[in-house]
1. Would you check if there is a residue in region A:78-87 being in contact (Cβ under 8 Å) with a residue 12 or more places away in the chain and within 7 Å of another protein chain (Cβ to nearest Cβ)?
2. If we scan region A:154-165, do we find a residue that is at positive phi and either basic (Lys, Arg) or surrounded by 22 or more Cβ atoms within 10 Å (Cβ to Cβ) (or both)?
3. Take the residues of region A:329-359 that are open to solvent by 30 Å² or more (accessible area, probe 1.4 Å) and of a type in the set (Ser, Thr, Tyr): which is nearest to residue A:268 (Cα to Cα)?
4. I'd like the residue in region A:318-360 that is polar (S, T, N, Q) and modelled with pLDDT of 95 or more and, out of all such residues, is nearest to residue A:293 (Cα to Cα).
5. Among the numbered criteria (1) of a type outside the set (A, V, I, L, M, F, W, C); (2) in contact with a helix residue (DSSP H, G or I) (Cβ under 8 Å, 6 or more places away or on another chain); (3) closer than 30 Å to residue B:67 by Cβ; (4) open to solvent by 40 Å² or more (accessible area, probe 1.4 Å), which one does residue A:231 miss?
6. Restricting the first residue to region A:90-112 and requiring it to be of a type in the set (Ser, Thr, Tyr), which pairs with a second residue that is open to solvent by less than 10 Å² (accessible area, probe 1.4 Å) and in a loop (DSSP other than H, G, I, E, B) meet a Cβ separation below 8 Å and a spacing of at least six or different chains?
7. I'm trying to understand the selection: among the residues of region A:26-54, which are open to solvent by 30 Å² or more (accessible area, probe 1.4 Å) and either among the hydrophobic types (A, V, I, L, M, F, W, C) or within 8 Å of chain B (Cβ to nearest Cβ) (or both)?
8. Name the single residue, out of those in region A:88-98 being within 12 Å of chain B (Cβ to nearest Cβ) and in contact with a helix residue (DSSP H, G or I) (Cβ under 7 Å, 6 or more places away or on another chain), that is surrounded by the fewest Cβ atoms within 10 Å (Cβ to Cβ).
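The values are calculated or read from the model by the stated rules, or taken from the named source; none is laboratory data. None of the values given here were measured: they were computed from a predicted structure. Cβ coordinates were reconstructed from backbone atoms using ideal geometry, including for glycine residues, and neighbour counts include every protein chain displayed. We work out accessible area using only protein heavy atoms, side chains counted, and drop any ligands, DNA or RNA first. Shrake-Rupley method; radii C 1.70, N 1.55, O 1.52, S 1.80 Å.
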Amino acid sequence: MTKVLMKGNEAIGEAAIRAGCLNYFAYPITPQSEVAEYLSKRMPEVGGMFLQAESEVAVAYMLFGASGCGEMVFTTSSSPGISLMSEGISYIASGQLPVVFVNIIRGGPGLGGILPSQGDYFQATKGGGHGDYRLLVMAPASVQESVDMVMEAFVLAEKYRNPVMILGDGLIGQMMEPVEFPDTPPPPPPNKDEWATNGMDTRKSNTHNIVKTLFLDPEVLNNHNLKLKAKYDRMKKEEVKFVSYNTESDYKALIVSYGTMSRVCLTAIDIMKEEGLEIGMIRPQTLFPFPETAIYKAALKDSCKVVVSIEMSMGQMVEDVERCIKGVKPVQWYGKCGGEVPSPEEIIAVTKEFVKEQSI
Amino acid sequence: MGVKFKRPEALTENHTHYCPGCTHGIIQRLVGETIDELGIRGKTVGIAPVGCAVLSYNYFTCDFQEAAHGRAPAMATGIKRVRPDLIVFTYQGDGDLASIGMGEIVHAANRGEKFTTIFVNNAVYGMTGGQMAPTTMPGQRTTTSPFGRDTSDTGMPLRVAELLSSLATPGYITRQTVISPKHIRKAKKAIKKAFEYQIEKKCFSLVEVVSTCPTNWGMTPVDALKWTEETLLAYYKLGDYKLPE
């Protein structure tokens, strides 16, 4: 493996190719347009396909059609674009189609701004489209992790026949870091003849496959939803991923933070450690399924006075943190979401303040 | 004695849910016959719309996907771009294609996507209970134009075949109807031609079929045919609007 210096957005595009996905539909939107720009050159080189659609709405259904006939496919977008795709994501989830979405979040709501944010946490983890569905959501904290997660996302999408979302932010997309791509070829996608509309001649079968999302019989629809729920429950058992920092110490506070924000928290934790204040952190790598048990257990530690959710949003993940803490420790939130990333000094100041409040 | 008339292999034995006097059944039979005659059933993927034809996957024996409202052309694009060897057709109504899905059909046609669209125009929203469509005639009463369509308020009925034929990209755009055996024969030829152009990878093809909706028009099937001929066909002129070079 050779290390190369790459911009996050371009590395994401390259990772999809290395994962074996040669089909990409997209619509340009800041701050992730470089993915489309990169792949418009790169896909023809590797015999792949790139189509710039007329809208994000159309992108979602191009993905549906292509995935529905059994091909690997993905897209990238940013917040307002994902909102437009959300209708289609609901259909893709119901149709049980393996599609990978990358959301390089910008500030919102509305047009918001083009700088990094984590304001799409609710949309990604609680469903932005209609109906009972879940995405498997992964949150990278570096360009390398973006590459690794994109490659893994295709495998998980196939495993669960479910859409998977990589939830990055503008900073992850725009920064340059050294990355390595694995030399090993990706696993071949599973045989999809049983359900994909890939043409009866292709699969030498005389039964016609139908990919649909309409279930007019209430019992049938309920059973369909139970089947989907079983998949989400399985994800909760098998796919929870997180990283712990400084949790071997007798930390006074436990920070929960993900993505770009967690890197700033890491710097703050190191500085506080030098000053003699131990702070632990859990960084969820999967936002759905959420590392509920790990956070709960870490909060139980006797030395831990407070749990702090630090986000580039106005308190979205904190609701999940509160839910899994079950009231055993006080929970606080700190964040910003105008596109400005909170500094280590700010994190240090608020963390000390929260610890002080609980020590009185 | 030889068999003169039988169900095409491309159609299932299921009874359709369409109302008496509606011509969806005839149009789908013509598509089924075409698939049989061209021998393409094993590589055809149909796309059902929202609206009356949403369940059309129950009536065909080829692979099918079911679209969200208006998005069938985007889905067809997705399939053709990753599997150009498949034969893909969308089957869409006027509310689906001319209203919510106008963007998708215009851009698919303009890109020259090599799929076929069967566009069934009956001047009303059928499945949702007879509301005004972009194709509803001036003065036509519907549940959302109870005093008759007021064109000063809602504009004139959209002529999809004419609109799409204005695109510079090559395509096959034609308008047909199935209100009599003579018209059915012509419509069949047009549908077959549309699929042949796709098989030859020549162009995007769309057959608009002026259809009936006796239930929501509040007419008997016979009166609906008469009204189609006298009123709809006076505005929606039959014929080829665009032919590939």
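1. Taking region A:78-87 first, the residues in contact (Cβ under 8 Å) with a residue 12 or more places away in the chain are A:78-87.
Remaining after also requiring within 7 Å of another protein chain (Cβ to nearest Cβ): A:87.
Yes: region A:78-87 contains one or more residues that are in contact (Cβ under 8 Å) with a residue 12 or more places away in the chain and within 7 Å of another protein chain (Cβ to nearest Cβ).
2. Within region A:154-165, the first condition is being at positive phi, and the residues that meet it are A:161.
Still in the running and either basic (Lys, Arg) or surrounded by 22 or more Cβ atoms within 10 Å (Cβ to Cβ) (or both): A:161.
Yes; the residues of region A:154-165 include at least one that is at positive phi and either basic (Lys, Arg) or surrounded by 22 or more Cβ atoms within 10 Å (Cβ to Cβ) (or both).
3. A:343
4. The initial filter retains those residues of region A:318-360 that are polar (S, T, N, Q), namely A:332, A:343, A:351, A:358-359.
Next, from what is left, pick out any that are modelled with pLDDT of 95 or more: A:332, A:343, A:351.
Details: A:332: 19, A:343: 29, A:351: 23 Å.
Only one residue tops the list, namely A:332.
5. Tallying (1) of a type outside the set (A, V, I, L, M, F, W, C); (2) in contact with a helix residue (DSSP H, G or I) (Cβ under 8 Å, 6 or more places away or on another chain); (3) closer than 30 Å to residue B:67 by Cβ; (4) open to solvent by 40 Å² or more (accessible area, probe 1.4 Å), residue A:231 fails exactly one: (4).
6. Listed pairs, sorted by first residue: A:91/B:68.
7. A:46, A:50, A:54
8. So the first thing to find is which residues in region A:88-98 are within 12 Å of chain B (Cβ to nearest Cβ), and the list is A:88-92, A:94-95, A:97.
Narrowing further to those that are in contact with a helix residue (DSSP H, G or I) (Cβ under 7 Å, 6 or more places away or on another chain): A:88-89, A:91-92, A:95, A:97.
Numbers: A:88: 28, A:89: 25, A:91: 26, A:92: 26, A:95: 20, A:97: 27.
Among them, the one singled out is A:95.
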